[in-house]
1. Taking the Cβ of each residue in Asp144, Asp247, Asp349 as the centre, tally the other Cβ atoms inside 10 Å and list the residues starting with the fewest.
2. Provide the FRET efficiency to the nearest 0.05 for the Asp185-Lys137 pair, computing r from the beta carbons and using R0 = 45 Å.
3. Please compute the modelled spin-label separation between Leu268 and Glu283, points set 7 Å along Cα→Cβ, answer in nm with one decimal.
4. Applying 1/(1 + (r/R0)^6) with R0 = 25 Å to the Cβ-Cβ distance of Ser302 and Leu347, what FRET efficiency is obtained, to the nearest 0.05?
5. Cα extents of the chain along the three principal axes, largest first, in whole Å?
6. Please list, or write none, the lysines whose alpha carbon is within less than 16 Å of the alpha carbon of Lys334, excluding same-chain residues fewer than 8 places away.
7. May I ask for the percentage of alpha-carbon pairs in region 1-119 that lie more than 16 Å from each other?
8. For the chain, with the dipole built from +1 on Lys and Arg beta-carbon atoms and -1 on Asp and Glu ones, taken about the Cα centre, which of Ser380, Ser396, Gln90 lies farthest toward the positive end?
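None of the figures in this text is laboratory data; all of them are computed from the coordinates on show. All of these numbers come straight from a predicted model, not from anything done at the bench. Here the Cβ positions follow ideal geometry from the backbone for every residue, glycine too, while neighbour counts run over all protein chains shown.
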Amino acid sequence: MTKIGLEIHCQLTNLQSKLFCSCKANYREFAPNENICPVCAGIPGSLPRLNQEAVKKATMIAMALNCSTPEKIAFFRKNYFYPDLPKNFQITQLNIYGDTSVGGSGTISVGGKNIRITRIQLEEDPGRIIYEGSSSKNQITLVDYNRAGTPLVEIVTEPDFETPKEVRDFLNILSDLLKNLEVADPSLEGAMRADANVSIHGGNKVEIKNIGSFHDLEKAAHFEITRQESLHDRDIPISQETRHWDDKRKITISSRSKEEDLDYRYFLEGDIPWVKINPEIREELKLKMPESINSKKERYMSKYKIPAQVADVLSSDKFYSNLFEKAHTKSNAKEVANIITTELMGLEDTREKRETSKLTAIHLKELADAIQTGTVSRNSSKNALHEILKTGKSVSLVISELDLGNVSDESELLQIIDKIIIDESQAVEQVKSNPQTINYLVGKVMQITKGKADPTLTLNLLKKQIGV
Ligand SMILES: [Zn+2]
């Protein structure tokens, strides 16, 4: 059996400032070493000041992942020497005096399976090392501290994943959740990084470090399982080791460095006192929490009887679920959900198309109502939707301009039906002995009216004229 555990690092990219100073959290817009101050550059004598917003956002992530949140949190120094770490220690969290990280243990359901979260901690990102030069002879090493001190949330899971697909499903849920909470934009380069541990058949655990994107995390897990299976098949022992992910060659490579065996000599960070998170603050954060994707899905299914698959697609897309919330009424909810998931999402399949679309929630509501009252058929509504996206004209105007309205005038329909009864006398006889075959005649009416005849009215009139 395969076991995969994850350690995921997410930058809180939507914050204004770094974790312990007022430099910008968005370091991406600066030239190298322009977004630094004595605190994040580790100048002796400078003192960190904790970003309260970062603690609140990290607590919200913990709550959204159903993790416990402690009354008091503490920060620790993790000591190691590396050029990207200006202080020679990283300020992070550790649970040696009980649960003092922003998030304790919790569980999240992924495709019906429970994945246990071990803990969630808040820490600072180091700077970045950049290698320049083409060969080892002329290679130089540069370091940029703009990123040093950026708020980072680390999410550690138990080894509960059994396939790379489960890993991907979890990452999709996590990515949606971070966007939904408005704490991070996971699509930014370097905003999400991960380590994974993989073992098969109860064997040794292999750590994979340095995975730079969600996309690569699934690939890395896949590669590592295949590599271990191949060793296992040839009775070669799998050694417990750390491997690095090579994102160019898309393989894992054994890491020869001893850096992983370091004793980090953790101790309490004396420059930051323990932080008490008052129950009122936790209540306030709970109230601010947007509805989770899962509970939104449940609500769509139970309140409006929207099918699970449609509810799933709708609830996991923030843009369209917002549109749904504005457009639906209790009676047309199912129809609105149907238009969005079967038509609209296909027509607006890029961000650009969404942004230039002229469609509003009012259009959507009116179109759903028009289908329900029989003013327009579901088929013709597709053409109407197309036109509305381009022009923004009202639903009633589009229906009349494109002549999409249903033929619901009884005398007009009767004329058509009477002619069909004469032309299709054989089919009419068949209906008399087998009433089910009446659908053929309904089809004929639809053909002549180009699908615009009111289906219920057509059926009733046909029955009446034939006498069945
Ligand atoms: Zn700074």
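1. By the 10 Å Cβ count, ascending, the order reads Asp349, Asp247, Asp144.
2. 0.70
3. Result: 3.0 nm between the two label points.
4. For R0 = 25 Å, the calculated efficiency reads 0.30.
5. 96, 56, 49
6. Hits, sequence-local ones excluded: Lys296, Lys297, Lys303, Lys305, Lys326, Lys365.
7. Counting every Cα pair in region 1-119, those more than 16 Å apart make up 70 percent.
8. Going by the Cα projections, it comes out as Ser396.
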